[in-house]
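The structure appears below as structure tokens.
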Amino acid sequence: MTSFTDHDDLKHLDEKDPLRLVKQRFLIPDGVYYMNGNSLGPLSTDAKTRMDKAVSEEWGHELIKGWNTAGWYDMPKRVGDKIGTLIGAKPGETLLCDSTSVNLFKAVNAALSIQKGRKKIISESGNFPTDLYILDGTRRFSKGEYELATLDRSEILNAIDEETAVVVLTHVHYVSGEIFPMKEINLRAHEKGALVVWDLSHSVGAIKTDLEGSCADFAVGCGYKHLNGGPGAPAFIYAAKRHHAQIRQPLSGWFGHEAPFSFIDDYIPANDARKLLCGTTGVLGASALEAAVDLFLEVREEERLEKLYRMSRLFDAMIAEKCSPYGFERVSPPDPENRGAHLSYRHPDGYAIMQNLIAKGVIGDFRAPDYLRFGISPLFMGYEDLLKVTDILEEILKSKSYEAAQYQVKHAVT
Ligand SMILES: *Cc1c(COP(=O)(O)O)cnc(C)c1O
């Protein structure tokens with residue numbers, strides 16, 4: 001492996017970078033190194049322009065006619081299909097709607113609706129909290145029909161048995177960045193008659209994801225992380241076409257009806273994936289997200305992934321060289337291709353170090369008890385940025401400036 005630690009070498013890499021013009025479309029404040037696209041992607045000129053148009057021209061001018069004239073009504077399917085191309089789905093299998101938490105509830109219950117007689121729901125202990133909480137809610141409200149087993153990730157594959165109704169896993173772990181072998185788990189589940197729901201919140205817009213090639217059943221994911229859709233952007237839900245006819249889901253709102261504008265009393269579900277919808281689309285949020293996704297679709301996936309892996313390898317090598325002497329310890333897998341688009345490290349003073357970094361313009365985040373996470377984005381970061389970040393971090397560690405009182409204060413959102 002070549003270790004680049006020289007500003008000139010990295011500048012040269014940036015000059016040759018086929019994605020360098022894409023980077024200029026992101027509106028990141030001067031002096032900020034943004035390594036938190038895994039929690040909240042940054043604003044692009046594309047999303048800003050589209051948002052302005054949605055407010056002024058569409059809402060402001062078209063008023064309610066916008067549902068037809070500005071394409072608002074079709075947004076769940078139109079934007080869903082665009083996201084679908086990033087995750088290996090066929091047209092008509094992915095819908096933009098609701099939040100990831102709500103979509104997870106719908107997807108899990110849709111899967112359970114075709115798994116009569118099976119009791120067990122399996123998930124990973126240490127999964128993202130909302131996933132475990134939604135499963136706990138599903139179990140509680142089933143009045144004893146289901147039980148939830150949360151297991152260590154190493155035990156999951158062998159725990160799937162003939163009693164298992166649904167396995168619910170996050171493809172890329174939100175802390176460690178470890179990746180579950182999607183196809184292997186799907187095939188094992190299918191062999192035992194179980195179904196799998198994947199949470200792609202840290203996969204979409206980050207790593208290669210092939211739902212169809214992996215024989216996936218159901219999936220959900222987030223619009224405001226790597227997709228850069230804006231704070232609280234709508235999420236997405238996916239169901240493989242082979243399940244559309246049989247599934248039902250409990251949030252049977254009017255947008256999932258066969259004919260929402262017939263205004264009849266009886267709920268008749270749509271005969272396709274639209275039965276997974278619930279209520280009215282958040283059009284402004286969906287507009288920003290659509291523009292952000294369009295930007296992704298302009299970029300060749302191989303170029304994006306090649307840059308991601310190279311940056312991820314470089315950043316980790318720089319941290320190993322400059323920060324491990326000060327007690328930085330990598331939590332993520334060693335090989336860039338076996339981890340998501342963020343790197344996590346442990347340090348006993350992780351919280352204060354991250355606060356100090358943020359004060360110096362390096363925005364990553366902290367997860368209890370002692371994890372520092374750094375998102376790696378091939379779209380809006382360059383190679384030299386990585387060296388600047390690790391120089392700043394090394395200086396903080398060397399001087400112990402993070403011990404100052406102002407960096408110890410705990411904030412509500414970390
Ligand atoms: C971020 C994230 C979510 C977010 O759920 P919301 O409903 O948008 O709050 C869900 N699952 C995973 C794995 C996440 O990383």
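At a glance:
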read-out	value
Flagged links, alpha-carbon separation over 31 Å, of Lys208/Lys388; Lys53/Lys82; Lys241/Lys307; Lys106/Lys410; Lys48/Lys398	Lys241/Lys307; Lys106/Lys410; Lys48/Lys398
Potential lengthening between Thr130 and Asp30 on full extension [0.36 nm per residue; Cα-Cα distance subtracted]	32.6 nm
Using alpha-carbon coordinates, inclination of helix 383-399 to the longest axis of the chain, degrees	60
Under 5 Å, built H, 5+ apart or other chain: amide partners of Ala270	His257, Glu258, Lys275
Descending semi-axes in whole angstrom, ellipsoid equivalent of region 202-244, from the Cα gyration tensor	22, 13, 5
Max mean-square fluctuation residue, GNM over the chain, Cα-Cα springs under 10 Å, options Tyr309, Tyr267, Tyr371	Tyr267
Cα Rg over Rh - region 49-298, Kirkwood	0.98
Length released on extending from Ala245 to Val409, taking residue separation times 0.36 nm less the Cα-Cα span	53.7 nm
Residue (of Phe315, Ser332, Gln355) at the positive-pole extreme of region 315-401, dipole from beta-carbon charges	Gln355
Estimated dipole of region 49-298 in Debye, rounded to 20 [Cβ of Lys and Arg +1, of Asp and Glu -1, Cα centre]	320
Size of electric dipole in region 61-135: Cβ of Lys, Arg +1 and of Asp, Glu -1, about Cα centre, debye, nearest 20	360
Environment charge of Gly92, counting only residues whose C-beta is closer than 14 Å and scoring Lys/Arg +1, Asp/Glu -1	+3
Farthest positive-ward along region 53-127 dipole, Cα basis, beta-carbon charges - from Pro91, Val108, Ile122	Ile122
Cα-based convex hull, region 16-111, per residue volume (Å³, whole number)	169
For region 228-366, the Rg and Dmax computed from alpha carbons only, in angstrom	22.3, 69
Gain on full stretching of the segment that runs from Phe261 to Leu63 - 0.36 nm per residue minus C-alpha separation	69.5 nm
Likely footprinting exposure, Arg78, Arg304, fewest C-beta neighbours within 10 Å first	Arg78, Arg304
Residue-averaged [θ]222 nm for the chain, counting only DSSP H segments that reach four residues, each worth -39500 (n - 2.57)	-10500 deg cm²/dmol
Crossing angle, helix 283-298 versus the chain [Cα axis fit, 0-90 degrees, rounded to tens]	60
Fewest-first sequence of His342, His7 by Cβ atoms within 10 Å of each Cβ	His7, His342
Ranking of Lys275, Lys208, Lys322 by count of other Cβ atoms within 10 Å, fewest first	Lys208, Lys322, Lys275
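Taken together, the values in this text are just the output of simple stated rules run on the coordinates, not laboratory data. This structure is a prediction, so every number in the text was calculated from the model and none was measured. With ideal geometry, Cβ positions are generated from the backbone for all residues, glycine too; neighbour counts draw on all protein chains shown.
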